[in-house]
Amino acid sequence: MRPIGTATRGTTNPNRLRRMDRWIAATHGPALRRADDPVAVDLGYGAAPWTAVELLERLRGAEPRTTVVGIEISPERVAAAKPYEREGLTFRHGGFEIPLPRRPVLIRAANVLRQYDEGEVAAVWQRLCERLAPGGLLVEGTCDEIGRRHVWVALGPEGPHTVTFATRLGSLDRPSDLAERLPKALIHRNVPGEPVHAFLRDFDRAWAAAAPYASLGARQRWITAVRALSGDWPLTDGVRRWRQGEVTVNWAALKPRQ
């Protein structure tokens with residue numbers, strides 16, 4: 001069967017997906033521990049296998065039985081990754097069909113759909129979610145080249161759950177700087193009248209109001225701004241995650257208008 005999808009540019013860097021990985025380990029760790037066979041997929045890992053290697057290390061901190069399969073649509077990239085295989089880590093040729101004999105508990109697709117049309121996203125999400133094991137999670141999003149700014153959507157078989165914004169706080173001028181890293185489903189919706197635009201507008205206002213806390217550090221300013229934001233937006237996390245430079249919002253509050 002011919003793999004479904006098209007090859008991405010394949011750019012990658014070590015430690016690029018650390019923010020996403022840490023969030024997955026923290027929030028999805030219980031599901032990995034409950035699974036009889038905790039398999040995770042790094043879909044579209046790129047020209048080098050670093051992100052799959054790092055995903056295995058980070059998820060095994062949450063569940064030592066976890067195995068990771070890196071899937072790439074480019075046979076050349078799979079061949080280049082093979083020397084990095086080890087116990088718990090393999091690489092396979094494939095695409096959105098996820099060519100595995102068992103359903104994974106996690107599919108991570110980072111910087112993959114960025115290169116697709118917005119109209120293609122829903123069908124890809126549905127296809128990937130259909131391959132998940134019960135209680136499984138699809139995490140799809142984009143980040144900058146060195147992982148300072150990242151936005152991702154978390155989905156289950158029933159559809160999208162949340163949107164997470166994550167950043168290295170020392171590099172942030174204002175929260176709306178993250179708009180350039182919105183996933184494909186949202187990036188063209190950052191315009192007046194759309195919920196994600198209103199969210200980032202309110203976040204910038206809360207950030208500006210929290211300016212006096214900057215003397216205590218960017219982390220305290222972020223926490224203060226996010227706490228104010230929680231009065232009007234349905235955030236799903238708390239201070240423990242906010243301290244990491246993250247905030248997670250219910251998808252229903254940000255989903256595009258029809």
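Picking from residues in the range 211-253 that are among the β-branched types (Val, Ile, Thr) and either at pLDDT below 95 or not in a loop (DSSP other than H, G, I, E, B) (or both), the one that is surrounded by the fewest Cβ atoms within 10 Å (Cβ to Cβ) is Val239. Could you grab me the full set of residues in the range 33-55 that are in contact (Cβ under 8 Å) with a residue 40 or more places away in the chain, more than 15 Å from Ile107 (Cα to Cα) and out of contact with any strand residue (DSSP E or B) (no Cβ under 9 Å at 6 or more places or on another chain)? If the condition is that a residue be in contact (Cβ under 8 Å) with a residue 40 or more places away in the chain, more than 15 Å from Ile107 (Cα to Cα) and out of contact with any strand residue (DSSP E or B) (no Cβ under 9 Å at 6 or more places or on another chain), then Arg34 is the only one that fits.
Scanning for something among the hydroxyl-bearing types (Ser, Thr, Tyr) and closer than 17 Å to Trp251 by Cβ, does the range 112-134 turn up at least one residue? No, the range 112-134 contains no residue that is among the hydroxyl-bearing types (Ser, Thr, Tyr) and closer than 17 Å to Trp251 by Cβ. For the range 155-182, the set of residues classified as within 18 Å of Val41 (Cβ to Cβ), in contact with an Asp or Glu (Cβ under 8 Å, 6 or more places away or on another chain) and modelled with pLDDT of 95 or more consists of Leu155 only.
Of all the criteria given as (1) under 21 Å from Pro160 (Cα atoms); (2) part of a helix (DSSP H, G or I); (3) out of contact with any helix residue (DSSP H, G or I) (no Cβ under 6 Å at 6 or more places or on another chain); (4) not small (Gly, Ala, Ser), the one not satisfied by Pro256 is (2).
Farther than 24 Å from Ala166 by Cα, surrounded by fewer than 24 Cβ atoms within 10 Å (Cβ to Cβ) and of a type in the set (Ser, Thr, Tyr): does that describe Thr27? Spell out the reasoning first.
On the way: farther than 24 Å from Ala166 by Cα: no; surrounded by fewer than 24 Cβ atoms within 10 Å (Cβ to Cβ): yes; of a type in the set (Ser, Thr, Tyr): yes.
Taking the combined requirement at face value, the residue does not satisfy it.
Under the condition of being open to solvent by less than 70 Å² (accessible area, probe 1.4 Å) and over 18 Å from Arg2 (Cβ atoms), the residues counted in the range 92-104 number 1.
If you check Leu106, Leu100, which single one turns out to be more than 23 Å from Arg181 (Cβ to Cβ) and either at pLDDT below 95 or of a type in the set (A, V, I, L, M, F, W, C) (or both)? Outline the logic, then answer.
Values: Leu106 fails: more than 23 Å from Arg181 (Cβ to Cβ).
Result: Leu100 is the single residue among Leu106, Leu100 that is more than 23 Å from Arg181 (Cβ to Cβ) and either at pLDDT below 95 or of a type in the set (A, V, I, L, M, F, W, C) (or both).
The criterion of being open to solvent by 60 Å² or more (accessible area, probe 1.4 Å), within 18 Å of Leu106 (Cβ to Cβ) and either touching a residue at least 60 places away in the same chain (Cβ under 8 Å) or under 16 Å from the mean Cα position of the chain (by Cα) (or both) does not hold for Asp21.
Is there a residue being touching a residue at least 12 places away in the same chain (Cβ under 8 Å), of a type in the set (Ser, Thr, Tyr), under 27 Å from Pro30 (Cα atoms) and surrounded by 15 or more Cβ atoms within 10 Å (Cβ to Cβ) anywhere in the range 70-89?
Of the range 70-89, the ones touching a residue at least 12 places away in the same chain (Cβ under 8 Å) are 70-75, 77-78, 80-81, 84, 88-89.
Retained after the next criterion (residues that are of a type in the set (Ser, Thr, Tyr)): 74, 84.
Narrowing the set further to residues that are under 27 Å from Pro30 (Cα atoms) leaves none.
There is no residue in the range 70-89 that is touching a residue at least 12 places away in the same chain (Cβ under 8 Å), of a type in the set (Ser, Thr, Tyr), under 27 Å from Pro30 (Cα atoms) and surrounded by 15 or more Cβ atoms within 10 Å (Cβ to Cβ).
The values are calculated or read from the model by the stated rules, or taken from the named source; none is laboratory data. Since we're looking at a predicted model, the values are computed, not measured. Using ideal geometry, Cβ is built from the backbone for each residue, glycine included, and neighbour counts are taken over all protein chains shown. Areas reflect the complete protein model, heavy atoms only, side chains present, ligands, DNA and RNA absent. Shrake-Rupley method; radii C 1.70, N 1.55, O 1.52, S 1.80 Å.
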